[in-house]
Amino acid sequence: MNEELKVSKIKNGTVIDHITAGMAPIVLRILGIGKGCSDTVIVAMNVKSHQIGLKDMVKVENRALAQETVKKIALVAPHATVNIIKDYKVAQKFKVELPSELIGVVRCPNRNCITNSGERVSSYFTVESKDPLALRCHYCEVLVDGASVDILL
Ligand SMILES: [Zn+2]
């Protein structure tokens, strides 16, 4: 990491590192960060990384991530790492991980799918491949890839 990024530390919150380059804006949407957010948010895009070439990074003050949020981030940034920061130090660090099943996380693109019928049926996808992403709808069996994944926000 270069010096400039080291300087912009947060006191308490979450640092999401090794985000797939270009995905930081989507991660911000998943985090619900936009107008009205008063906490400090630091976004870095297209930073050099030894591991994945170029990466994005998001630092959010005073924020812990719900499990659902981590799953959503794993959908768009399968190599992301989450660092929980307490008093400027990394208190906990883990890699995002996509579970084998996603319930109520992704919208099915098939209009005729029962999950889009207005019935109270949550979307239900099984993860056939994590990277590249391939999800199969449990009900209509449509296949969704990374480019067409529609995350329920
Ligand atoms: Zn479906």
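Would you mind finding the longest exposed-site-free stretch of the chain, with exposed GluC sites (Glu not before Pro) meaning DSSP loop and at most 16 other Cβ atoms within 10 Å?
Numbers: sites that count: Glu97, Glu119, Glu141.
Between the exposed loop sites, the longest stretch runs 1-96.
Between Asp145 and Asp131, what is the label-to-label distance in nm when each label sits 7 Å out along the Cα-to-Cβ direction?
Taking the two extended label points, one gets 1.8 nm.
If each of Lys95 and Ser122 carries a label point 7 Å out from its Cα toward its Cβ, how far apart are those two points in nm?
If labels sit at Lys95 and Ser122, their model points lie 2.6 nm apart.
Taking Cα atoms, how many degrees apart are the long axis of helix 67-76 and the longest axis of the chain, rounded to 10 and kept between 0 and 90?
90
Quote the Stokes-Einstein diffusion coefficient, in whole µm² s⁻¹, for the range 3-95, based on the Kirkwood radius over alpha carbon pairs, a temperature of 20 °C and a viscosity of 1.002 mPa s.
Details: Rh = 13.1 Å.
Stokes-Einstein gives a translational diffusion coefficient of 163 µm²/s.
Note the full-extension length gain between Leu153 and Gln67 as 0.36 nm times their separation in residues minus their Cα-Cα distance, in nm to one decimal.
Details: separation 86, 0.36 × 86 = 30.96 nm, distance 1.38 nm.
Fully extending the segment from Leu153 to Gln67 adds 29.6 nm.
Using a simple spin-label model with points 7 Å from Cα along the Cα→Cβ vector, what separation in nm is obtained for Met45 and Asn112?
3.9
Considering only Cα-Cα distances, which of the following residue pairs are longer than 25 Å: Lys89/Lys130; Lys48/Lys130; Lys59/Lys89; Lys35/Lys89; Lys59/Lys93; Lys35/Lys130? It would help to have the intermediate numbers written out before the result.
Details: Lys89/Lys130 31 Å; Lys48/Lys130 23 Å; Lys59/Lys89 13 Å; Lys35/Lys89 28 Å; Lys59/Lys93 14 Å; Lys35/Lys130 32 Å.
Among Lys89/Lys130; Lys48/Lys130; Lys59/Lys89; Lys35/Lys89; Lys59/Lys93; Lys35/Lys130, the Cα-Cα distance tops 25 Å for Lys89/Lys130; Lys35/Lys89; Lys35/Lys130.
Give me the net charge of Ile19's neighbourhood, meaning all other residues with Cβ under 14 Å from the Cβ of Ile19; Lys, Arg count +1, Asp, Glu -1. Please report the intermediate quantities before stating the final value.
On the way: positive: Arg29, Lys48, Lys55, Lys59, Lys72, Lys95; negative: Asp17, Asp56, Asp131.
With Lys, Arg at +1 and Asp, Glu at -1, the neighbours total +3.
Between His18, His50, His79, where does the largest GNM mean-square fluctuation fall for the chain, given springs only between Cα atoms within less than 10 Å?
Residue with maximal mean-square fluctuation among His18, His50, His79: His50.
Work out, in µm²/s and without decimals, the Stokes-Einstein translational diffusion coefficient of the range 57-119 at 4 °C, 1.567 mPa s, Rh from Kirkwood over C-alpha pairs.
Details: Rh = 13.9 Å.
The estimated diffusion coefficient comes to 93 µm²/s.
Within the range 22-88, list the trypsin sites (Lys or Arg not before Pro) lying in a DSSP loop whose Cβ has at most 13 other Cβ atoms in a 10 Å radius. The partial results should precede the final answer.
Values: sites: Arg29, Lys35, Lys48, Lys55, Lys59, Arg63, Lys71, Lys72, Lys86; in loops: Lys35, Arg63.
Within the range 22-88, the qualifying trypsin sites (Lys or Arg not before Pro) (loop, at most 13 other Cβ atoms within 10 Å) are Lys35.
Every read-out reported here was derived from the displayed coordinates using simple, explicitly stated rules and does not represent laboratory data. As the structure is a computational prediction, the values presented were derived from the model and not from experiment. Note: ideal-geometry Cβ built from the backbone for every residue, glycine included; neighbour counts use all protein chains shown.
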